[in-house]
Amino acid sequence: MMALDTLRLSLGQPVAWEQPVLASGWPELDAALPDHGFPRGVIELAAPRALGGGTSIALAVVRAAQEKDARAWCAWVDPEGTLYGPAVAWAGVDLRRLLVVRPPLKDAGRTAVKVAEAHACAVIVVDGLTEPRGPGSKRALKPEILIRKLALAAERGGATLLLLTDSLAPR
């Protein structure tokens with residue numbers, strides 16, 4: 001398994017965009033957004049699980065980043081293992097430039113921060129970032145601290161970080 005520091009060296013520096021936003025390549029979506037695209041930093045796509053289209057939007061943004069620059073790498077942090085490769089390919093994403101990380105759910109937050117701190121990806125999607133709850137479970141990072149760490153890492157690396165969250169989940 002390759003360490004993220006090694007990955008940064010292998011992939012090179014993040015791709016710098018000329019515009020402050022990344023158009024998704026989905027004209028109707030871009031027209032509805034205030035900036036006509038997705039800015040750098042953390043963006044939450046909150047929708048009812050599996051019904052809101054967050055994955056489709058995230059795939060469009062990943063595809064757009066890869067089409068914009070042939071050197072652009074993207075990452076998908078998928079602790080629940082729900083990303084379906086054939087659908088990703090069908091959406092036009094270049095699988096050769098998509099890093100899929102499947103950490104245990106309890107380590108998902110810290111892993112997402114490490115991926116963002118590697119500064120190797122133009123777009124990072126974090127799917128299902130929920131911390132385990134219940135008897136005996138410990139939250140690794142408070143949500144506000146986790147989001148702040150992700151925001152700082154995305155800002156430093158010039159990445160767009162999409163958080164796919166369940167709008168029906170308690171906060």
For residues that are assigned to a loop (DSSP other than H, G, I, E, B) and aliphatic (A, V, I, L, M), scanning just the range 94-129, find the one that is modelled with the lowest pLDDT.
-> Leu129
Residues that are closer than 23 Å to Leu150 by Cα, open to solvent by 20 Å² or more (accessible area, probe 1.4 Å) and not β-branched (Val, Ile, Thr), drawn from the range 57-69 = Arg63
Is the range 102-120 home to any residue that is of a type in the set (Ser, Thr, Tyr) and farther than 21 Å from Ile147 by Cβ?
-> no
Taking Arg8 and the conditions (1) modelled with pLDDT of 90 or more; (2) assigned to a helix (DSSP H, G or I); (3) not β-branched (Val, Ile, Thr), which numbered condition does it fall short on, given that it satisfies the others?
-> (1)
Sort out which residues of the range 66-96 are over 21 Å from Leu129 (Cα atoms) and of a type in the set (Val, Ile, Thr), and write them in order of number.
-> Val93
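Which members of the range 70-93 meet the condition of being surrounded by 14 or more Cβ atoms within 10 Å (Cβ to Cβ) and either in a helix (DSSP H, G or I) or out of contact with any strand residue (DSSP E or B) (no Cβ under 9 Å at 6 or more places or on another chain) (or both)?
Going through the range 70-93, the residues surrounded by 14 or more Cβ atoms within 10 Å (Cβ to Cβ) turn out to be 72-79, 83, 88, 91-93.
Hits for the range 70-93 are Val88, Ala91, Gly92.
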Evaluation of Gly54 against (1) under 19 Å from Ser167 (Cβ atoms); (2) open to solvent by less than 40 Å² (accessible area, probe 1.4 Å); (3) touching an Asp or Glu at 6+ places or on another chain (Cβ under 7 Å) (one fails), failing number = (3)
What are the residue pairs meeting all of these: first residue in the range 72-93, first residue within 27 Å of Arg110 (Cα to Cα), second residue polar (S, T, N, Q), Cβ atoms under 7 Å, and 6 or more apart or on different chains?
-> Ala72/Gln66; Cys74/Gln66; Val77/Thr111; Val93/Gln66
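Out of Glu18, Glu67, which single residue is acidic (Asp, Glu) and modelled with pLDDT of 90 or more?
Values: Glu18 fails: modelled with pLDDT of 90 or more.
Selected residue: Glu67, the only one of Glu18, Glu67 that is acidic (Asp, Glu) and modelled with pLDDT of 90 or more.
The values are calculated or read from the model by the stated rules, or taken from the named source; none is laboratory data. Predicted model only: the values in this text are computed from it and were never measured. Quick reminder, even Gly has a Cβ in these numbers, built from the backbone with ideal geometry, and neighbours come from all protein chains shown. These accessible areas exclude ligands, DNA and RNA; they are computed on the full protein's heavy atoms, side chains included. Shrake-Rupley method; radii C 1.70, N 1.55, O 1.52, S 1.80 Å.
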